[in-house]
1. If a residue has to be within 14 Å of another protein chain (Cβ to nearest Cβ) and either crowded, with 21+ Cβ neighbours inside 10 Å or more than 20 Å from residue B:367 (Cα to Cα) (or both) to count, how many in the stretch B:19-55 make the cut?
2. If a residue has to be without any contact (Cβ under 8 Å) to a residue 40 or more places away in the chain and either within 25 Å of residue B:268 (Cα to Cα) or over 20 Å from the mean Cα position of the chain (by Cα) (or both) to count, how many in the stretch A:117-137 make the cut?
3. Taking residue A:143 as the residue in question, decide whether it is closer than 23 Å to residue B:129 by Cβ and surrounded by fewer than 24 Cβ atoms within 10 Å (Cβ to Cβ).
4. Look through C:97, C:85 and report the one residue that is more than 7 Å from every other protein chain (Cβ to nearest Cβ), in contact with a helix residue (DSSP H, G or I) (Cβ under 9 Å, 6 or more places away or on another chain) and within 22 Å of residue A:183 (Cβ to Cβ).
5. Would you mind stating whether residue C:67 is at pLDDT 90 or above, in contact with a helix residue (DSSP H, G or I) (Cβ under 8 Å, 6 or more places away or on another chain), surrounded by 12 or more Cβ atoms within 10 Å (Cβ to Cβ) and within 27 Å of residue C:33 (Cβ to Cβ)?
6. Any idea how many residues of the stretch B:107-121 are in contact (Cβ under 8 Å) with a residue 24 or more places away in the chain, buried (at least 18 other Cβ atoms within 10 Å of the Cβ) and assigned to a helix (DSSP H, G or I)?
7. Name every residue in the stretch B:217-234 that is surrounded by fewer than 21 Cβ atoms within 10 Å (Cβ to Cβ) and part of a helix (DSSP H, G or I), in order of residue number.
8. Taking the criterion of being more than 11 Å from chain B (Cβ to nearest Cβ) and buried (at least 24 other Cβ atoms within 10 Å of the Cβ), would at least one residue in the stretch A:168-186 satisfy it?
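The values are calculated or read from the model by the stated rules, or taken from the named source; none is laboratory data. Small disclaimer: the values here were computed from a predicted structure and weren't measured. Here the Cβ is made from the backbone with ideal geometry for all residues, glycine too, and neighbour counts use every protein chain on show.
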């Protein structure tokens, strides 16, 4: 049969698209669906960045939506103790006056007064929690993510005192009995250690975006490498006015709120 | 010399028994805490440090106060303090041991405590705190013990002790400065982010520590047969008076900055302390009690006729100790968390288990202190008890 | 030389000797056979080539050290791929790799650990497959 280069390229392109279709159409792949070989190979294509950041486009959030919270807490086995004293949360919503203290005033419109913004660890470029940790159980990776090493944490809670954003939670008791449906692909934590959002570094290692980003149907959360001028998150924060929380403290937080 | 702690009358052994029972009770409650987790305490996501760290902060001050005896005697030859520097050093050792115990019971994963040494983090002030506290413990226990044994053998102490004692003077200042730095360097806690944190700590330390020492000296005169001498006690009382005055002054200047600048971030914490926030007033009665006690004690210590009477002096010292315990523990540590970085007011209520463990650690501290002081009194009794004053005068310090 | 309080001293020495040799005489004659480990799991039975990361004697001696290296590498350095000495690569995961094959923890891991009195606390966090509700 005769075929020329153009035909060949058409067939090659179509085949590639067909192979990629499952990956594009089903982004919420969990590890359980993959064989061991596939899991291993996904590790060969991690997402990398010079500095990971998240932009929150609040205009796109729908009222009372908690999809990001549910997704994060489910896949990371975040317990629910049903009491605010022992509460553990990695991502949650707060009113405008709490997220930007001092910026609220009585003449701020109802839209702003009632606004609820998602808050999480800011993965600061200059994190005070990393500075104070006596064992380096909380440390900063080269790609900017502020990580927790639950094996090394002694539970002194100095990081909780140091965090200007209240982003960290302590396991004051054993969390296992309080996790509704344990995700077997991610460990739980144990009593006596501090935990917080990890920018889904275990998903980034497999080429997946953070769970909250994927779970948001409105695409209000934009995640990417803020030091890459081509990245969507960088272009978004260059174009639209945005604020970071308590930026005057010099922590250089990497969550940008588009307002 | 340790065997001297094993000789005592009925009062002595009953006191030891009570302390052991309280310590054992605290230990049982600690086992419960180990099993359940720190959730047995009143600490929460917002107020993540409570009674344990409050005690640690206060006791580092008491430990540092030994310098108030060592400095006048060894640097300025103030002879009146010669007999009691060892008391200060032993008190320092006890206080440091209590500090370490309080940090230990506050850890979520105490079995991993060696990670601080296995994976040193020089940027962390807690790491340096561990180092300086351990060093201070070693310095004081060595110097206290060596000097006491030299006195017992009626020989001058070995020459290498002197440099160690001189070292303990800046070291004492450093332990409390570094503890203050744990708080004063945190960008997110506006209540603590003030340069006066370290001076405030030192001032209240030099008031509360010597106040406790005065009480212990009065106690030793009553039931230990050891007289520190009214000159030493009065000198200590004057030190307490000045330090208390400075401490009160520091609190007042803090109040001025907060309330004159009217910056909400700074003023809110003080408002919570003295008036309550959003109707939450847990600490208000405590703070006013502390203020009243401090002022009353200052009056009692400043007026010489009152200061010279042991009854008034004892009351004043108790008032100082309690007032500063409230101010430094509850008033400083807890308030840093209220309101939280997200502007919410979560109050802190210690639980029974937490209080039992705290009292248990205090009992262990008093137990160690009793043993040390029993040895001291027995040794001094052998020297001062000598009817011949010349024997006592022959002791070279 | 006269031995004062001889009765108390001799009694004390005898009690001390009994206590210090306790491990040697307590349970004498009891049989404590070495544990027999079962590798009969669905995942292992499916393997064409029944090999662990390294050979059994290496794993027996060094799996603790290996897991520690994995832990430091995966969490702190982001190294999630392990290359065995024979060149095969594995994902660094206690639950996902080790326990994927050795899914019968109580008939494999626990048998030796209980015999040796070792109590690794890994599983207070790391999930044991089959023991959690999905």
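1. Residues in the stretch B:19-55 being within 14 Å of another protein chain (Cβ to nearest Cβ) and either crowded, with 21+ Cβ neighbours inside 10 Å or more than 20 Å from residue B:367 (Cα to Cα) (or both): 23 in total.
2. 7
3. no
4. Among C:97, C:85, only C:97 is more than 7 Å from every other protein chain (Cβ to nearest Cβ), in contact with a helix residue (DSSP H, G or I) (Cβ under 9 Å, 6 or more places away or on another chain) and within 22 Å of residue A:183 (Cβ to Cβ).
5. yes
6. Residues that pass the stated criteria total 0.
7. Correct list: B:218, B:219, B:220, B:221, B:222, B:223, B:230, B:231, B:234.
8. no
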